[in-house]
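Take a look at the structure below.
The values are calculated or read from the model by the stated rules, or taken from the named source; none is laboratory data. Since the structure is predicted, the reported quantities are computational estimates derived from the model, not experimental observations. Cβ sites come from the backbone with ideal geometry, for glycine too, and all protein chains shown count toward neighbours. Calculation scope for accessible area: heavy atoms of the full protein, side chains included, ligands and nucleic acids excluded. Shrake-Rupley method; radii C 1.70, N 1.55, O 1.52, S 1.80 Å.
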Amino acid sequence: MSPWIGLALFLATLAGMELFAWAMHRWVMHGPGWFLHESHHRARTGWFEWNDLYAVIFAVPSIILIYGGVQAGWWPGSTWIGAGIAGYGAIYFGFHDVIVHQRVRHRYVPRSRYMKRIVQAHRLHHAVESKQGAVSFGFLWAAPADELKRQLKARGSSARIRTNPD
Ligand SMILES: [Zn+2]
Ligand SMILES: [Zn+2]
């Protein structure tokens, strides 16, 4: 397989994963999977929270696809797709767990308009601590803060809007 086709598959998977993550977060994690995700909308007490299990679950297809492509003689594109899922996981971890939630201490301050926008959008997601009523379920793509605040108001969310990291 041409590396260019592989690269295209990798990039398409990264983009597709943002859509998939949005749908999972909106309909599963704030739906029947809330019992695990709830831990992420509360203050964390130790190193881990139940919500971390989602990262383990999403790593499984990535590992299987990479293994299949490299070792099991599957279509070589499966390796690139598996790598795209893993790449999304790494970007998600860097953005969500490190930059926004500071699970690793750092002094990075978002400066670009894009970074400010996605960081603020995820903080606004955490303004609501319940299963219902939250806004902004994406991670790397987000609506502007003003739009999200308007949505929060429209939902009659009584939650106070916390914009500081938790
Ligand atoms: Zn959530
Ligand atoms: Zn979060």
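Laid out as a table, the results:
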| read-out | value |
| --- | --- |
| In segment 98-122, residue farthest from Ala21 (Cα to Cα) [restricted to those that are part of a helix (DSSP H, G or I) and of a type in the set (Lys, Arg)] | Arg113 |
| Unmet requirement for Phe95, which otherwise passes all of (1) outside any loop (DSSP other than H, G, I, E, B); (2) modelled with pLDDT under 95 | (2) |
| Residue within segment 20-30 that is among the aliphatic types (A, V, I, L, M), away from ligand 1 (no atom under 12 Å from the Cβ), out of contact with any strand residue (DSSP E or B) (no Cβ under 8 Å at 6 or more places or on another chain) and within 24 Å of Glu129 (Cβ to Cβ) present | yes |
| In segment 101-157, the residues that are among the polar types (S, T, N, Q), free of Cβ contacts under 8 Å to residues at least 24 places away in the same chain and closer than 25 Å to Val28 by Cβ | Ser136, Gln151 |
| The one condition in (1) within 12 Å of the chain's Cα centre (by Cα); (2) over 28 Å from Ala143 (Cβ atoms) that Met17 fails to fulfil | (2) |
| Selected residue (criterion: surrounded by the fewest Cβ atoms within 10 Å (Cβ to Cβ)) from residues of segment 11-43 that are under 18 Å from Arg103 (Cβ atoms) and out of contact with any helix residue (DSSP H, G or I) (no Cβ under 9 Å at 6 or more places or on another chain) | Ala43 |
| Matching residues in segment 111-123 - criterion: being open to solvent by 20 Å² or more (accessible area, probe 1.4 Å), under 15 Å from Phe139 (Cα atoms) and of a type outside the set (D, E, K, R) | Tyr114, Met115, Gln120 |
| Residue ID - farthest from Leu14 (Cα to Cα), chosen from residues in segment 124-150 that are open to solvent by 50 Å² or more (accessible area, probe 1.4 Å) and in a helix (DSSP H, G or I) | Arg150 |
| Selection status of Leu7, away from ligand 1 (no atom under 16 Å from the Cβ) and under 27 Å from Ala143 (Cβ atoms) | no |
| Only listed residue being over 17 Å from the mean Cα position of the chain (by Cα) and open to solvent by less than 80 Å² (accessible area, probe 1.4 Å), chosen from Gly77, Gly89, Gly84 | Gly77 |
| Residue in segment 54-64 that is nearest to ligand 1 (Cβ to nearest atom), counting only those that are more than 23 Å from Val135 (Cβ to Cβ) and open to solvent by less than 70 Å² (accessible area, probe 1.4 Å) | Ala59 |
| Pair list, Cβ under 8 Å, 6 or more apart: segment 12-40 residue under 22 Å from Ser78 (Cβ atoms), other residue of a type in the set (Phe, Trp, Tyr) and open to solvent by 30 Å² or more (accessible area, probe 1.4 Å) | Thr13/Trp80; Glu18/Trp141; Ala21/Tyr92 |
| Odd one out for Val56, checked against (1) touching a Ser or Thr at 6+ places or on another chain (Cβ under 7 Å); (2) free of Cβ contacts under 8 Å to residues at least 24 places away in the same chain; (3) more than 16 Å from ligand 2 (Cβ to nearest atom) | (1) |
